[in-house]
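The values are calculated or read from the model by the stated rules, or taken from the named source; none is laboratory data. For clarity, every value in this text was computed on a predicted model and none was experimentally measured. Positions of Cβ are generated from backbone atoms using ideal geometry, with glycine treated the same way; all protein chains shown enter the neighbour counts. Just so you know, the surface numbers come from the protein's heavy atoms only, side chains and all, with ligands and any DNA or RNA stripped out. Shrake-Rupley method; radii C 1.70, N 1.55, O 1.52, S 1.80 Å.
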Amino acid sequence: MQLKWIRFALWIFVVIWMAVIFGLSSQVASTSSTLSGLTVRIVAEHTQPGFGKLPAVQQNSIIENYQHLVRKTAHVLGYMFLGMLCMAAFSSYALSLPRRTAAALSICIGYAGTDEIHQLFVAGRSGQISDVGIDSCGALLGIGAVIVILWGWHKLRRKKNRTV
């Protein structure tokens, strides 16, 4: 009975994170650009001494130069987390590692594809195949992280059981 609740909770987390991704993808271009620009500004203010004292034109130039990187990093991180959640959910089933990995990756790539199609209908946004590739790489990183974490956890449990 407890396993069913754990599975249910894991899938709820997957759906919630998909909703977060959908919400971010639903932002019109100007709102999305403002968010990524604000992110760059905050990071620059904390990592670049004297950034706040630069003329506004120079600050804006720096922000524009890093916005693309911030957007692509957001894709990787967002889908890395989705990959982790999907792999964690599939790890609660008695499936082989290749099947769990394939299922989790399929869901992430499928969602990335539908997310890019969705962006075609958002003002000022565009769907890009390259973003599906970036999202897929992020998902694969997340899936790999869960595999490593579970491998380490099982190894510790086996070691602990041998010493008891």
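Structural remarks
- When GLN128 is tested against (1) at pLDDT 95 or above; (2) polar (S, T, N, Q); (3) open to solvent by 30 Å² or more (accessible area, probe 1.4 Å), just one condition goes unmet, and that condition is (1).
- Among helices (runs of 4 or more DSSP H) entirely within region 1-113, having at least 2 residues that are under 13 Å from the mean Cα position of the chain (by Cα) and at negative phi singles out 2-25, 56-90.
- Unique residue being over 30 Å from ILE117 (Cβ atoms), touching a residue at least 12 places away in the same chain (Cβ under 8 Å) and not charged (D, E, K, R) when the list is LEU82, LEU3, LEU24, LEU54: LEU3
- The residues listed here are ALA102, ALA74, ALA112; of these, the one that is out of contact with any Gly (no Cβ under 6 Å at 6 or more places or on another chain) and without any contact (Cβ under 8 Å) to a residue 12 or more places away in the chain is ALA102.
- Unmet requirement for GLY127, which otherwise passes all of (1) farther than 17 Å from TRP17 by Cα; (2) of a type outside the set (Val, Ile, Thr); (3) out of contact with any Leu (no Cβ under 6 Å at 6 or more places or on another chain); (4) free of Cβ contacts under 8 Å to residues at least 40 places away in the same chain: (3)
- Which numbered condition ALA74 fails, given (1) modelled with pLDDT of 95 or more; (2) within 19 Å of GLY23 (Cβ to Cβ): (1)
- Residue count, region 23-52 (criterion: touching an Asp or Glu at 6+ places or on another chain (Cβ under 7 Å) and among the hydrophobic types (A, V, I, L, M, F, W, C)): 1
- Members of region 20-56 that are surrounded by fewer than 12 Cβ atoms within 10 Å (Cβ to Cβ) and charged (D, E, K, R): LYS53
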